[in-house]
Amino acid sequence: MNAPHAPVLLAEVIEALAPAPGELIIDATFGAGGYSQALLARGAEVIGLDRDPTVALHAAALAADFPERFRLVRTPFSGLAKAFADSGRPRLDGAVFDIGVSSMQLDEAERGFSFLRDGPLDLRMSGEGLSAAEIVNGWDHGPMAHIFKQYGEERQSGRIASAILRRRVERPFTRTLDLAETIEAVVGGRRGAPIHPATRVFQALRIAVNDELGELEEGLAAAEAALAPGGRLAVVTFHSLEDRIVKRFLAERSGHTSGASRHAPAAKVPPPPSFTLQFRGVREAGQAERAANPRARSARLRAAVRTGAPAWKAAA
């Protein structure tokens, strides 16, 4: 396949998953199928998950090459458990997540994921549900400023939300460049700045529109419940918000959380660890990959192996 999206940290992910012939692995972010293709080449059976309808062509190419060992399920992360259950297979041996927006989505101006190319103010991965335009044209100041600060870590979130409210009275926002220019007028130009001043707001809108952090948490819990003892989990993140969720999840589930203060009330004894870490910390791309693929520069891989302990119950 001539995939337009290069899988990041591919060698490291394959090493962490250690696929073997006959094993079942879920590629929870199918995209252009880079991880899936490598897993299939090593004899594994693969279920690809993706809520983006535009991946169908890449999935069809893999299904033609591996008709008995690959299928695509159109679902977000939260559908992982059902996708596994529907497979009828007795055990799940591995799962991989590649979090965030793909190069394909960024390259398609009509999807609105990149303000470097003018397009509709959409940002929906599935093409369904609330769009970014509906947020900036319909939300009140408080909720809008909140997501800019929480999901975009934008320090001028209040000023930007105020400017959006003032401008939308004149005419609604429908295009990505229109919103980007409005934000730039508030924050200031790009002189000396490493990123465009609208980057954080667009990130926040994308995360909110697609419930990316909620889906990540649900997907990790679903993988924990579905993986068999000895099953491997590999997660590649590109942003601190995502990485903090994965780091906290694996630290808790592997029994590596920090100790409680001696002045605090006695904490409940946690359940037995459901994972063991494959390595402490993260794996990052080497110099050659970072030079060849700019997206790899911020990539971080965390990996763990499922124990025989029961999956933890969701927090109330």
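The values are calculated or read from the model by the stated rules, or taken from the named source; none is laboratory data. Treat the numbers as computed from the prediction; the structure is a model and nothing was measured. With ideal geometry, Cβ positions are generated from the backbone for all residues, glycine too; neighbour counts draw on all protein chains shown. The accessibility values were calculated without ligands, DNA or RNA, using every heavy atom of the protein model including side chains. Shrake-Rupley method; radii C 1.70, N 1.55, O 1.52, S 1.80 Å.
Quick one: in the range 41-66, of everything that is surrounded by 20 or more Cβ atoms within 10 Å (Cβ to Cβ) and among the β-branched types (Val, Ile, Thr), which residue is nearest to ALA18 (Cα to Cα)? Among those residues, the one meeting the criterion is VAL46.
The rows are residues; the columns are (1) modelled with pLDDT of 95 or more; (2) open to solvent by less than 20 Å² (accessible area, probe 1.4 Å).
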residue: ASN2; (1), (2): no, no
residue: LEU9; (1), (2): yes, yes
residue: GLY31; (1), (2): no, yes
residue: GLN37; (1), (2): yes, no
residue: PHE70; (1), (2): yes, yes
residue: VAL73; (1), (2): yes, no
residue: VAL96; (1), (2): yes, yes
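Residue check: is LEU216 closer than 30 Å to ARG89 by Cα and surrounded by 19 or more Cβ atoms within 10 Å (Cβ to Cβ)? Criteria met by LEU216.
Looking at the range 140-162, which of its residues are of a type in the set (D, E, K, R) and either surrounded by 15 or more Cβ atoms within 10 Å (Cβ to Cβ) or in a helix (DSSP H, G or I) (or both)? Answer for the range 140-162, where residues must be of a type in the set (D, E, K, R) and either surrounded by 15 or more Cβ atoms within 10 Å (Cβ to Cβ) or in a helix (DSSP H, G or I) (or both): LYS149, GLU154, ARG159. Taking the range 173-184 as the range and being open to solvent by 60 Å² or more (accessible area, probe 1.4 Å) and within 9 Å of LEU121 (Cβ to Cβ) as the test, the residues that pass are THR174, ARG175.
Among the residues of this structure, ALA208 counts as one that is part of a helix (DSSP H, G or I), buried (at least 22 other Cβ atoms within 10 Å of the Cβ) and at pLDDT 95 or above. Screening GLU184, GLU154, GLU215 for residues that are under 30 Å from GLU15 (Cα atoms) and touching a residue at least 12 places away in the same chain (Cβ under 8 Å) leaves exactly one candidate, GLU215.
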